[in-house]
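Accompanying notes for the structure given below.
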Amino acid sequence: MSSKSTDQTKVVDAYIKKHLIGVDEGLEHAYTNSTEKGLPMIAVSPAQGKFASLLTTIGSARNVLEIGTLGGYSTIWFAKAVKGRGKVTSIEVSPHHRDVAIENLRAADVQVPEEVDVLLGAGLDVLPKLVAEIEKGVREPFDFVFIDADWPNQWNYFDFGVKVSKGQGAVIYIDNVVQNMLESGIVGEKHRDGDAVDVVAKAGADDRVDAVVMQTVGSKTHDGFLLAVVK
Ligand SMILES: C[S@@+](CC[C@H](N)C(=O)[O-])C[C@H]1O[C@@H](n2cnc3c(N)ncnc32)[C@H](O)[C@@H]1O
């Protein structure tokens, strides 16, 4: 993108935040406290957080699963959206990120673990346990799965996301698929990384879901997410 279009996307994002999002102390604190505690600035933007949380409202989601908590910024959005109706379960591999997230969630008046449970561990270690708990009937399946962790495992998380979902009508959202495709050379000019998994092609060939990718611009770089509905 040219620097002029980057400037324009920032101005528009600020305008959107001013009129449609406003200032929420808990969310603002999550950003500033995470930065102060040394976490990377890779949380979703305010508009993305609101968009994802609105999707859970549209679908009346009760149980939300997030893979990749960081400082809990997106987690707070989901917790607010399902408050009084459901619960958020979020998986995070870094103990420091988990601790900061819990601090941020509590500062945002979110009850931990009653409203949000942050499970410490690598996604691929925790997810099979969730599958087993759902199969045993000791955990409810998920209505909405938000994948925002390590990119090379996006497809593995997607596959688990379908398995832990309630089935028909459940939504699976993978963030950053466009940047992942561009950086691994699946599309675009970069030399293709031979190990790169083509999440978009795999979702398109997967009879369990109907999916689309939306490209995004905003205060962050050009990117995009994959949204799938379980059939
Ligand atoms: C992009 S950040 C998540 C941002 C967060 N969802 C938000 O928008 O506020 C990615 C997070 O995934 C975590 N992560 C990376 N690899 C992981 C793994 N294998 N299992 C679980 N979490 C992982 C990182 O430690 C980091 O906190």
Fill in: Which numbered condition D125 misses (of (1) within 13 Å of the ligand (Cβ to nearest atom); (2) touching a residue at least 24 places away in the same chain (Cβ under 8 Å); (3) assigned to a helix (DSSP H, G or I))
(2)
Worksheet item: Does G72 count as within 12 Å of the ligand (Cβ to nearest atom), at positive phi and modelled with pLDDT of 95 or more?
Response: yes
Discussion item. Based on this model, can you work out whether D195 counts as assigned to a loop (DSSP other than H, G, I, E, B), among the acidic types (D, E) and open to solvent by 10 Å² or more (accessible area, probe 1.4 Å)?
Written reply: yes
Fill in: Of the criteria (1) touching a residue at least 40 places away in the same chain (Cβ under 8 Å); (2) under 18 Å from the mean Cα position of the chain (by Cα), which one N156 fails
(1)
Fill in: Residue identified as small (G, A, S) and farther than 21 Å from I76 by Cα among G167, G121
G167
Worksheet item: Before we move on, is R106 away from the ligand (no atom under 14 Å from the Cβ) and open to solvent by 40 Å² or more (accessible area, probe 1.4 Å)?
Response: yes
Worksheet item: Restricted to segment 23-62, and to residues that are in a loop (DSSP other than H, G, I, E, B) and among the charged types (D, E, K, R), which residue is surrounded by the fewest Cβ atoms within 10 Å (Cβ to Cβ)?
Response: K37
Response to the item:
Among the residues of segment 128-161, the number that are buried (at least 17 other Cβ atoms within 10 Å of the Cβ), more than 16 Å from the ligand (Cβ to nearest atom) and assigned to a helix (DSSP H, G or I) is 1
Item to complete: Could you tell me whether segment 84-99 includes any residue that is more than 14 Å from the ligand (Cβ to nearest atom) and either closer than 23 Å to W155 by Cβ or open to solvent by less than 10 Å² (accessible area, probe 1.4 Å) (or both)?
Response: no
Discussion item. If the requirement is being within 12 Å of the ligand (Cβ to nearest atom), without any contact (Cβ under 8 Å) to a residue 40 or more places away in the chain and of a type outside the set (F, W, Y), which of these qualifies: I21, I42?
Written reply: I42
Worksheet item: Would you pick out the residues in segment 212-231 that are within 26 Å of T9 (Cα to Cα), more than 15 Å from the chain's Cα centre (by Cα) and not in a loop (DSSP other than H, G, I, E, B)?
Response: V212, Q215
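The values are calculated or read from the model by the stated rules, or taken from the named source; none is laboratory data. Worth saying up front: this structure is predicted, and the values here are computed from it rather than measured. All Cβ positions, even for glycine, are placed from backbone atoms using ideal geometry, and neighbour counts span all protein chains on display. Heads up: the accessible areas ignore ligands, DNA and RNA and are worked out on the full protein's heavy atoms, side chains in. Shrake-Rupley method; radii C 1.70, N 1.55, O 1.52, S 1.80 Å.
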